[in-house]
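Just below is one structure, and these are the notes that go with it.
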Amino acid sequence: MIILLAVSDDPLRDAIEETFVVERTGWAGERVRRATERLQLGLPEAQRLETLVVWMDDHTAFTAQGRTVYISRRLLERLPDDDAAAFVIAHELAHHRLGHLPALPASWLGVARLLLVRLETAWVATPARETDADLLAIEMCIDAGYDPERCIGALEHLVNVSLDYGDVDGVLSAEDQALRRSHPALAGRIAAVQAHAAAARRGVRQPLDVTLRRERQWRRKALVAAGAGAAAVCALVILRRPPRWAM
């Protein structure tokens, strides 16, 4: 899942730290730090992102412009090991590497803070972008020495969450239905990641310029969305309700 932020100095992180409890010590903080550092070995310090554990009700992870990945404590505590947690974090890091978070004008500053956790819309998170992020994420995990099958356990956990909430379409939706959702069906995501993990071990790599083909579409949708800025104020009352599961 992606959340679009309007400026580069991270007012979203400020708002999240003011609104939610952020867990920095103990096993949860240690796990995400360990995985985040391992996934970014070799990157210059200035390019590395940080992962925060946030106490939210739902099983979710997301990122935005800035240098932060967010994962809910509820999701993290259900993941069985570092490998599964690493895949969730790698998926969010991949959104940055794939250019899914283009810079927007500073005039959006007033709206950005209001879009806290609820701006998961079709023009921000799309099935194509989520698939791209999944495939790059499994490459990153393999490169970091994680077990790909254990990494896929993160998606298998989301299957259980989705079924618990009765969201069968989120697991097994038809292709035409999947195109109307922000994320592909989980069964398809798992199959795609498994296939790509096997291909990655043979040297097949996800191109990092995949979103350049969609640049014009991105700009057009950003302009349309700008007209909806005033409606963001109405979203303030639901800012504490992120999706039940998303990443």
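No value in this document is a laboratory result; all are computed from the given coordinates. Here the structure is a predicted model, which means the values were calculated and not measured. Positions of Cβ are generated from backbone atoms using ideal geometry, with glycine treated the same way; all protein chains shown enter the neighbour counts.
Odds and ends about this structure:
- A cut-off of 5 Å between modelled amide H atoms, ignoring neighbours fewer than 5 places along the same chain, links residue 185 with 173.
- Amide hydrogen neighbours beyond the local backbone of residue 51, cut-off 5 Å, H modeled: 69
- Counting neighbouring Cβ atoms within 10 Å and putting the fewest first, the residues 142, 89 line up as 142, 89.
- Listed values for segment 129-137 are Karplus-derived 3J(HN,Hα) couplings in whole Hz (6.51 cos²θ - 1.76 cosθ + 1.60, θ = phi - 60°), namely 5, 5, 5, 4, 5, 4, 5, 5, 4, and x replaces Gly and Pro.
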